[in-house]
1. Any chance you could look up the accessible area of His76 with a 1.4 Å probe, heavy atoms only, rounded to 10 Å²?
2. Got the relative contact order for the chain handy, in percent, Cα pairs under 8 Å and 6 or more residues apart?
3. Hey, what did segment 195-316 get for relative contact order, percent, Cα under 8 Å, at least 6 apart?
4. Could you go through segment 76-83 in sequence order and give the Karplus-derived ³J(HN,Hα) for each residue, using 6.51 cos²θ - 1.76 cosθ + 1.60 with θ = phi - 60°, rounded to whole Hz, and x for Gly and Pro?
5. What does the accessible area of Thr305 come to, in Å² to the nearest 10, when a probe of 1.4 Å is used?
6. Pop out the ³J(HN,Hα) list for segment 394-410 in order, Karplus 6.51 cos²θ - 1.76 cosθ + 1.60 with θ = phi - 60°, rounded to Hz; leave Gly and Pro as x.
7. Along its principal axes, what span do the Cα atoms of the chain show, with the longest given first and each in whole Å?
8. 5 Å is the cut-off here: which amide hydrogens, built 1.01 Å from N in the peptide plane, fall below it relative to Gly358, excluding neighbours closer than 5 in sequence?
Amino acid sequence: MSAAYIDSSTTRVLPPELDRRYPVAVRGEGVWLEDSAGRRYLDAMSGGSMAATLGHGRRDIVEAARRQGRQLAYVHNERLTNPAQERLARELVEVAPDGFTRVRFVTGGAEANELAIRLARAYHVERGEPSRWQVISQAQAYHGPTMETLALTGRPGLQGPLGPYLARHLHIPPSTRRLDPTGEAALEALDRALEQAGPENVAAFFCEAISAAALPAYTPPRRFWEGLEERRREHGFLVCFDEVVTGVGRTGTWFAGSATPLVPDVIATAKGLGAGYAAIGAVLVREQVYEAVANGSRRFTLGHTWDGAPLSCAVGLAVLDVLRSEGLVERVRERGVRLRDELEEALRGIAMVGEVRGHGFLLGVDYVDPRDRASFLPPELRVAGRIDEVALERGLIVLSTQPTRDGMAGDQSLFAPPFTTTDEELAEMVSRFAETVRLVAAEANRGLAALEQAPAVPAGEPR
Ligand SMILES: Cc1ncc(COP(=O)(O)O)c(C=O)c1O
C-alpha cells in the first residue's frame, strides 16, 4: 500500500464519504500517526474517535493481548465465563461511582447504549411495570448508528432516511449557554415530555453527562441535574448515562457520573476501555437494577458473540493497569484544566471563537459569526469541514462538526488527545490547532464579505 491517498475510485471499501480522499494510516507511535506516504500527524483526537486514550503502539497492552490470546482467546459467555471477564468486572466496579455493583460486557458504544435501554426496560418489567418503555433524551446528542441509538438522538439530519424504523422517543433541547443558560427551559421541556408520554410510561432519561461530538465538552448546568433528580424521585424512571466517551478517565474522573450532581442508575461505556486495542464496551448498573432481575425472572438473556471474550477483557485489564500505574486519570484531571486555559489563550483574539470548554482531556471549541459574536456561522462557509482539512494539511488530527438543521449547534471542534501526551506534544497540538483556526477564520471573513456582496435574491424565488 504505497498510494498517498485512497479515494472511491481506488478502494473496495465503501467509504463514509465518496468524494473524500483518505490518507492511509500505516503506523502509530505514542501520539504520532504516519501515513503510507511517510507524512506524520499529531493525533489530537485519540485515534480520531477518542478511543485511543493511551496513544498508539503500546507494547505492554499488545503483550497482554498476546499472552491471553495464547492461553485462551475466545469463549462465548452464554455457558462459560472466563477469568479475564470476571476480573475486569470486579475492577470496573471498584472504580465506578458508589452503588454500582454489576457489569455486562459488549463490543462497542452503540451496543452498550442499547443494552442500557434493555436493562432499564427489564428493571421496570421485572418490578411489574410493563407500561414503562418510553425514553426521554437530549435531542442534541450522539449515541451511535444503530436503530435504537439513532432513535435516542433527536437530530433529523443524523437519522436521515431511517426515520420510519426508529422508535418514537421524546427529546428535549440542551440547556446550552445560548439556548437555556439556567437549565430551567430544559426542565420545562422535560415536564412537557413526561406529560406527553404519561410519566407512568417512562422507563428512562438518557443523556451524555458531558457531551462528546454533538456539543463538545458541554454539560448541563447544575439546576438541570437537580431538577432531573427531583423528577426521577417523583416519577420513578431511571437515569442512564452514555459514557461511551467520558467513561474510563477521559474527563479526569473514572466516570463522569461520579462528578455530576446526580448519580445515574445505568452507565454505558466503551471507547477508553479498550483504548483502541480491542473492541470492548460495558454497561454498569446500580444494585437496585440488578436486584430487580435477581428478585424477578432471574434471567437477562440476549448477548452478542464477542461479549466478555477473554482477549478483549485482557486488553481492558491491561488498560486499567496502565491508567492506575501511571496515574493517568489524575493527570488528565489536573493537566486538563491547564490545557483548556492554554487552548483558550492560543485562540484569544480570533473573533470566530465563541467559547472554549473543557473537562479533563475532552475539550471543545464553539465557533460564532464574528460580526455579532453570537449567531452561528452560515453553513455554506463549511467552517467545521475546513478546520479538519486545514488541520490535516498541517499534520494535526482534530474532529469538527457541522451546524445542525434545528439550530441547536453550530460549527464546533473537538480536541481530545491521548492521556499520555507529553507537555511538549500538547503545546505543539495547541499551536497547530490555533494556526489552523486563524487561517480558517481569515477564510471565513472573506466568505462572509462575499456573501454580503452577493446580489439579493428577488422576493419569491427559492434559495
Ligand atoms: C457519546 C457516544 N456514544 C455512543 C457512540 C457510539 O459508539 P460506537 O461507535 O462504539 O458504537 C459514540 C461514538 O462516537 C459516542 O461518541
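The values are calculated or read from the model by the stated rules, or taken from the named source; none is laboratory data. Here the structure is a predicted model, which means the values were calculated and not measured. Neighbour counts are summed over all protein chains in view; Cβ atoms, including those assigned to glycine, are modelled from backbone coordinates with ideal geometry. Side chains included, ligands, DNA and RNA excluded: accessible areas come from the protein's heavy atoms. Shrake-Rupley method; radii C 1.70, N 1.55, O 1.52, S 1.80 Å.
1. 70
2. 20
3. 20
4. Calculated HN-Hα couplings, in order: 7, 8, 6, 10, 10, 10, 8, x Hz.
5. 80
6. Computed from phi, the couplings for segment 394-410 are 8, x, 9, 9, 10, 9, 10, 10, 7, x, 8, 4, 7, x, 7, 9, x Hz.
7. Largest first, the chain extends 70, 55, 44 Å along its Cα principal axes.
8. Gly364
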